[in-house]
Amino acid sequence: RVRTVGEQLSQQFGVGLARMARTIRERMNVRDNEVFTPIDLINAKTLSSVINSFFGTNQLSQFMDQTNPLAEITHKRRLSALGPGGLSRERAGFEVRDVHYTHYGRLCPIETPEGPNIGLISSLAVYAKVNSMGFIETPYRPVQDGVVDIKGEPIYLSAEEEEEKLVAQATVKVDDKGKILHDKVIARMEGDFPVIEPDKVHYTDVSPNQIASISASLIPFLEHDDANRALMGSNMMRQAVPLLRPQAPIVGTGLERQVATDSRVLINAEGDGVVEYVDANEIVIKYSRTEDEAKVSFDSDVKTYPLVKFRKTNQGTSINLKPIVRKGDKVAKG
């Protein structure tokens with residue numbers, strides 16, 4: 001189970017409020033017959049000191065790794081088995097660190113540190129999400145009588161819900177209706193790989209890279225690499241220094257654009273519109289609105305985006321945005 005930042009913070013908040021309530025009660029008992037206002041009773045220092053110590057001294061409160069945008073987004077997706085309420089490095093044996101079949105589509109089997117923390121610190125897989133209970137879910141496409149539901153939304157399952165289900169790979173050939181074209185398919189069921197008829201399959205994977213993290217998914221032809229080398233490669237990608245003249249890779253995996261967008265370093269258009277003005281420091285876009293939208297919106301349809309120029313990161317590298325549009329260009333959302 002994943003204990004998110006919010007959950008840990010709310011727990012600390014509860015501790016702080018309990019302490020504050022105790023001091024308020026004590027003050028009310030001391031000032032029995034006096035006239036007093038709430039300001040005389042309440043001291044918020046107790047609460048803020050608890051929260052400050054949580055962010056300042058907690059083992060899991062880390063200084064953001066900002067070497068490059070990938071390092072930043074990967075650091076935010078990291079999961080740790082260490083820290084308060086977790087394991088210690090000395091006590092963790094082989095079983096805890098090892099890859100388990102329930103990691104499939106939830107935790108990346110490749111991206112983990114080398115050294116004493118191996119297997120204790122891992123990365124969230126590309127399509128994984130943490131549900132309200134704190135369990136990690138991964139998406140699958142439902143299959144009924146050998147027909148994959150390719151039109152509908154995928155279903156998210158936790159490791160418990162996935163038990164005793166037969167899951168086929170994302171690479172199975174299907175026709176336009178979603179019917180599986182193979183006579184037999186290789187499926188996964190917990191730790192086994194039975195070869196079965198298509199009508200016995202319960203789900204298929206959403207995508208072949210669903211088992212890997214963002215960093216590992218950026219390696220082209222990952223399946224042809226030795227696992228140890230892929231681990232080193234995905235860890236060293238986070239250490240690349242941003243260039244002054246960036247270029248698109250010749251060979252990529254197609255995830256690069258999404259990673260760059262989600263890192264929130266770039267500026268993306270919020271809708272369709274036209275570039276009114278552009279220079280090295282700002283871009284001005286006039287968004288096209290329908291008449292109905294113009295009536296209900298109070299915002300101006302012209303928006304100015306200042307560009308980040310040589311911003312220093314935590315690691316002393318540089319973030320520098322350059323406009324790639326020209327005046328008069330039409331832009332689309334994203």
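No lab work stands behind these numbers, since they all come straight from the coordinates. Predicted model, so just to flag it, every value in this text is computed and none were measured. Reconstructed Cβ throughout: ideal geometry from the backbone, glycine too, with neighbour counts over all protein chains shown.
What the pair-distance distribution of segment 42-102 shows, using all Cα-Cα distances binned every 5 Å from zero, is 4, 13, 15, 16, 18, 16, 9, 5, 3, 1, 0 percent. Taking all Cα-Cα distances within segment 223-334, those exceeding 20 Å account for 56%.
Our estimate of slack between Arg97 and Lys200, defined as 0.36 nm per intervening residue step minus the Cα-Cα distance, is 33.8 nm.
Taking 20 Å as the straight-line reach from the Cα of Lys165, the aspartates and glutamates in range (excluding those fewer than 8 positions away in the same chain) are Glu137, Asp145, Asp149, Glu153, Asp183, Glu190, Asp192, Glu197, Asp199, Asp205.
Put in order of Cβ neighbour count within 10 Å, fewest first, the listed residues Thr253, Thr261, Thr138 become Thr261, Thr253, Thr138. Using the average count of surrounding beta-carbon atoms within 10 Å as a protection proxy, the listed peptides 157-167, 122-132, 297-307, 241-251 rank, highest first, as 122-132, 157-167, 297-307, 241-251. Less than 5 angstrom separates the built amide H of Leu157 from those of Thr138, Tyr140, all sequence-distant by 5 or more or on a different chain. Bridging of Lys151 to aspartates and glutamates at a Cα separation below 14 Å is possible for Asp175, Asp176, once same-chain residues fewer than 8 apart are set aside. Working note: Debye formula, equal point scatterers on the alpha-carbon atoms of segment 5-57, no solvent; log10 I(q)/I(0) at q = 0.23, 0.27, 0.28, 0.32 Å⁻¹ is -0.82, -0.99, -1.03, -1.20. Binning the alpha carbon pair distances of the chain at 20 angstrom intervals from zero yields the distribution 22, 45, 29, 4, 0, expressed in whole percent.
Using only the Cα atoms of segment 68-184, build the gyration tensor, take square roots of its eigenvalues as a ≥ b ≥ c, and label the shape rounded, prolate or oblate: rounded if a/c is under 1.5, else prolate if a/b is larger than b/c, else oblate. In terms of gyration-tensor shape, prolate.
State the Cα centre-to-centre distance between segment 1-30 and segment 139-174 in whole Å. Here the two parts' Cα centres lie 43 Å apart.
Over its Cα atoms, what ratio of radius of gyration to 2.2 N^0.38 Å does segment 130-206 give?
Normalised Rg, Cα atoms only: 1.09.
Near Lys303, which lysines are there with a Cα under 30 Å away, not counting those fewer than 8 places off in the same chain? Within the straight-line limit of under 30 Å, Lys303 reaches these lysines: Lys76, Lys286, Lys295, Lys312, Lys322, Lys327, Lys330, Lys333. Normalised by residue number, the volume inside the convex hull of the Cα atoms of segment 267-331 is 92 Å³ per residue.
Within the listed set Thr317, Thr46, Thr74, the residue fluctuating most in the Gaussian network model of the chain (springs between alpha-carbon atoms under 10 angstrom) is Thr46.
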